[in-house]
């Protein structure tokens with residue numbers, strides 16, 4: 001039997017083999033060229049994301065150092081590649097986050113200047129240095145070859161390339177006449193792919209600044225660095241610094257030296273320490289007086305305990321001639337002497353250097369009431385806005401047992417910087433006694449303070465103290481737009497409308513008072529009187545309540561917000577049952593004053609009776 005030589009299937013087989021070969025070739029080309037390119041894009045995007053994470057971490061460190069707040073930032077150490085069915089990925093790209101000691105921050109050719117307590121200057125003259133660290137991120141990418149290492153130190157994030165350095169953020173070390181330095185402590189050592197949380201915590205927050213004046217040359221900051229190319233880093237710093245400062249690398253290349261111009265005004269120095277691993281404590285370093293260092297028996301003396309960063313130390317023990325007191329969160333302690341003569345407050349024992357003690361001169365006599373029964377309080381909000389022109393602030397002193405107002409009580413007002421770039425007020429009116437209503441006024445003048453600066457404001461009487469925060473605002477602070485008061489008719493019982501526009505929202509619980517003392521007068525008999533609000537009731541167009549308080553010769557209407565009233569809202573207050581006398585009793589036009597409780601802002605208008 002002979003088989004036929006049929007070749008009809010050969011072309012199909014050959015074609016299939018060729019197509020399969022092309023497929024294998026295409027897959028190989030994709031694996032070799034496309035997959036690495038796509039993975040490089042994934043790594044590049046991760047590199048950009050990590051820079052964002054690092055910038056957020058930098059902001060968290062600075063925020064902790066400035067305010068004492070604690071936050072958490074996640075850093076995406078590594079990244080994974082997208083799943084591929086027919087292709088092979090390399091292992092996920094990992095990264096490392098680590099700290100490294102770099103040396104000590106130093107400030108040369110400077111001393112604590114006038115305006116600071118002598119103990120602050122004495123402590124500074126012991127040549128303080130501040131050990132710090134740098135924080136570094138390094139990625140181990142498989143394809144992206146030009147990724148920088150990121151370094152955080154001294155408020156900046158530096159991207160370190162081969163032979164080049166770029167700054168990814170600005171600097172906050174020098175701004176006008178303010179120097180802000182944050183020592184970074186604690187350790188971080190993480191390697192892997194998953195995101196890792198970093199929790200900056202303030203060991204010492206920069207709640208206080210001290211004036212720095214040059215001595216023996218230009219004020220110079222030595223900032224140790226972990227960046228290898230210090231010359232390139234200095235060039236980048238010079239672009240970020242103000243014109244009054246110049247950065248150069250030191251001789252060994254392990255630090256930058258920032259030289260500041262010596263101006264007519266002192267620099268303000270703010271120091272802080274932030275830990276990355278919840279370690280670190282602050283210890284008492286020196287002590288300063290709060291207010292006057294002279295007092296009378298029955299009056300209170302106060303001290304503030306500070307650490308080596310010039311910031312208040314809470315829970316520190318202060319000995320007032322053997323009687324211990326513990327500082328509060330503001331680092332302050334108060335004591336009421338019971339006998340005249342010298343009084344010494346000390347920390348860290350009794351045989352320490354001079355800056356660990358403060359002496360007071362106590363004379364016989366005292367205030368209007370026993371200190372342990374005095375209660376003093378600001379009659380202001382917890383945060384009070386203070387315009388550039390200054391503001392009178394109200395203080396009330398009462399008997400802590402009966403609640404009765406205390407007359408002739410000696411009240412002392414003082415301040416400490418909470419967060420300030422300006423120089424602070426030149427003076428705070430401090431010596432005043434209360435009237436028969438237990439009240440007195442202390443005037444706070446912002447002087448050289450900057451808009452946005454905040455100060456702790458203290459009122460002390462006897463052995464009691466109250467604290468609020470004063471916030472310096474510009475001319476656009478919470479106030480009024482247009483205000484008006486409707487005219488009235490003669491010899492009638494009628495409604496009267498008062499309108500005011502808010503500039504800046506009015507928070508729930510805050511109020512606007514309308515002073516009607518000028519028109520209110522019902523002392524004359526018959527119809528021969530001005531305007532009488534004694535029987536009036538009130539309502540308002542906004543969410544709130546209206547109360548009317550009136551006597552024969554004074555009257556006030558007060559609108560109190562039940563919920564926040566937005567900025568720009570026009571509120572109409574209507575008083576019903578307002579009585580007017582005849583023409584012979586009138587002395588119009590009458591002045592009406594609107595006053596906000598939150599800022600103290602006031603506006604006036606007038607109305608007539610026709």
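Among residues belonging to the stretch 63-76 that are part of a loop (DSSP other than H, G, I, E, B) and surrounded by 13 or more Cβ atoms within 10 Å (Cβ to Cβ), point out the one that is farthest from the chain's Cα centre (by Cα). Looking at the filtered set, the residue picked out is 71. Within the stretch 148-168, restricting attention to residues that are assigned to a loop (DSSP other than H, G, I, E, B) and at pLDDT 90 or above, which residue is surrounded by the most Cβ atoms within 10 Å (Cβ to Cβ)? Among those residues, the one meeting the criterion is 154. Exactly one residue out of 547, 599 is assigned by TED's automatic domain parsing to the domain that holds residue 506 and surrounded by fewer than 20 Cβ atoms within 10 Å (Cβ to Cβ): that is 547. For residue 79, are the conditions met, namely being touching a residue at least 40 places away in the same chain (Cβ under 8 Å), buried (at least 18 other Cβ atoms within 10 Å of the Cβ) and touching a helix residue (DSSP H, G or I) at 6+ places or on another chain (Cβ under 7 Å)? Yes; evaluated as a whole, the condition is true for this residue.
One residue stands out among those in the stretch 370-384 that are in a strand (DSSP E or B) and within 29 Å of residue 339 (Cα to Cα): the one that is modelled with the lowest pLDDT, which is 374. With respect to the conditions (1) at pLDDT 90 or above; (2) touching a strand residue (DSSP E or B) at 6+ places or on another chain (Cβ under 7 Å); (3) assigned to a helix (DSSP H, G or I), residue 45 falls short on a single one, namely (2). Identification of strands (runs of 3 or more DSSP E) wholly contained in the stretch 385-502 with 2 or more residues that are modelled with pLDDT of 85 or more and farther than 30 Å from residue 65 by Cα yields 391-399, 439-444, 479-485.
Kindly establish whether residue 298 is closer than 30 Å to residue 344 by Cβ, assigned to a strand (DSSP E or B) and touching a residue at least 24 places away in the same chain (Cβ under 8 Å). Spelling it out, it is not the case that residue 298 is closer than 30 Å to residue 344 by Cβ, assigned to a strand (DSSP E or B) and touching a residue at least 24 places away in the same chain (Cβ under 8 Å). Only one entry of 60, 95 meets the criterion of being surrounded by 15 or more Cβ atoms within 10 Å (Cβ to Cβ), within 15 Å of residue 273 (Cβ to Cβ) and touching a residue at least 40 places away in the same chain (Cβ under 8 Å), and that entry is 60.
The values are calculated or read from the model by the stated rules, or taken from the named source; none is laboratory data. As the structure is a computational prediction, the values presented were derived from the model and not from experiment. Neighbour counts are summed over all protein chains in view; Cβ atoms, including those assigned to glycine, are modelled from backbone coordinates with ideal geometry.
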